[in-house]
Amino acid sequence: MSIQSELQSTIADLVVKGKGLLAADESQPTIAKRFKEIKVESTETSRLAYRQLLLTTPGLGEFISGVILFEETLGQSTADGKPLLQIAVEQGIVPGIKVDKGTVSLANACGDLVTQGLDGLADRLSDYKEKGARFAKWRNVYTISAHNPTQLGMDANAEVLARYAAICQSLGLVPIVEPEVLLDGDHTIACCFEVTEAVQHSVFHALHRHRVQLEYMLLKPSMVLPGKDSPSTASPEEIAEMTLVQLRRSVPAAVPGINFLSGGQTPEEATRNLNYINTMAGNAPWLLSFSYARALQQPVLQAWQGKPENIAAAQDTLYKRAKLNSAACLGSYTAEMEKE
Ligand code: 13P
């Protein structure tokens, strides 16, 4: 298969109306933090047990078109020798992988962070692809403060994100481009709007300079929200409206899909806001969906508690949240559905 048709078929498998992505790609420190909340020690065995639980959820493929895995999971198999990645494939879920190596402070940029991981990326990607990954994810983070993000921070981050995306496409892997504007802070929704617009402009400018084919990538943005310590709140209509206006101003119509991250919203908020976005999207050119980690997994971790006897209940919880978010993609979610 040519690179072009590989990219095309992965996009066709990922961008499906009523389906979204499960982000299960927490780095070792992040998964340790999530497990600590339920008093489970993070070991290779506990991480395998948990991620096997996620991927073997009966019927998950009805609502989830792709899963983002962490490098370790790509090499893990069940006790009877089946690779975890194979379980995803058998569920009709496309396996992908997080390929960035986290953030470091960007010198002379007032505390802005920059994401690293470009060195040796092409070799790593070839290896992941051989193991069965068909898409990749790279996350940039932008903090809002009186001084951040700086223009330098935005430019430097956009450049690495675009280089990553170009390398992915040259090897036939669909890049998920994730510029996350963090929820931390006491900023207003108007401020988040302005920053998110500036960030996405810098990203699409860099993608253009690096000749990334927009038809074969997905955008994973944060929604436009007030900071979590902001004294002002915003209604779901306001969040949806501002998010849509911002996206229309920044994201070319050639991009096939936009899969939001949840970013610290509660599971219910993330579902409700996605539903409003879809009901208000009109004839938006992109499919608007989800790529949630916490908003899908938080209730699952709570139900699991690290105990084998809770696996079925935890899987029921994941199935339910995936189903509710699928409804939100269709604009047919209602709060009553939470009680079913
Ligand atoms: P959250 O949905 O928890 O924000 O995570 C999404 C993600 O993949 C962050 O990189």
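Find all pairs meeting these conditions: Cβ atoms under 7 angstrom apart; at least six residues apart or on different chains; first residue within segment 67-86 and open to solvent by less than 20 Å² (accessible area, probe 1.4 Å); second residue of a type in the set (K, R) and more than 16 Å from the ligand (Cβ to nearest atom).
If the second residue must be of a type in the set (K, R) and more than 16 Å from the ligand (Cβ to nearest atom), the pairs left are L74/K131; L85/K131.
What number of residues in segment 269-310 are assigned to a helix (DSSP H, G or I) and open to solvent by 60 Å² or more (accessible area, probe 1.4 Å)?
The total comes to 10.
Just checking, how many residues over segment 161-217 are assigned to a loop (DSSP other than H, G, I, E, B), among the charged types (D, E, K, R) and in contact with a Gly (Cβ under 7 Å, 6 or more places away or on another chain)?
Qualifying residue count for the region: 2.
May I ask you to list the residues in segment 113-147 that are part of a loop (DSSP other than H, G, I, E, B) and under 21 Å from the mean Cα position of the chain (by Cα)?
Answer for segment 113-147, where residues must be part of a loop (DSSP other than H, G, I, E, B) and under 21 Å from the mean Cα position of the chain (by Cα): Q116, G117, L118, G132, A133, R134, T143, I144.
Take segment 1-45 and flag every residue that is at positive phi and open to solvent by less than 70 Å² (accessible area, probe 1.4 Å).
Result: G18, single match.
Any residue in segment 150-168 that is open to solvent by less than 20 Å² (accessible area, probe 1.4 Å), within 19 Å of G264 (Cα to Cα) and in contact (Cβ under 8 Å) with a residue 40 or more places away in the chain?
no
Show the residue pairs that are 6+ apart or on different chains and have beta-carbon atoms under 7 Å apart, the first residue being within segment 178-199 and under 29 Å from A136 (Cα atoms), the second being open to solvent by 20 Å² or more (accessible area, probe 1.4 Å) and among the basic types (K, R).
E178/R139; E180/R139; L183/K228; D184/K228; E197/R249
Name the pairs: first residue in segment 32-47 and under 20 Å from A79 (Cα atoms), second residue open to solvent by 100 Å² or more (accessible area, probe 1.4 Å) and in a loop (DSSP other than H, G, I, E, B), Cβ to Cβ under 6 Å, at least 6 apart or on different chains?
none
The values are calculated or read from the model by the stated rules, or taken from the named source; none is laboratory data. It should be emphasised that the depicted structure is a prediction, and the values quoted were computed from it without experimental measurement. In this analysis, Cβ positions are derived from the backbone assuming ideal geometry, glycine residues included, and neighbour counts consider all displayed protein chains. SASA here: full protein model, heavy atoms, side chains in, ligands and nucleic acids out. Shrake-Rupley method; radii C 1.70, N 1.55, O 1.52, S 1.80 Å.
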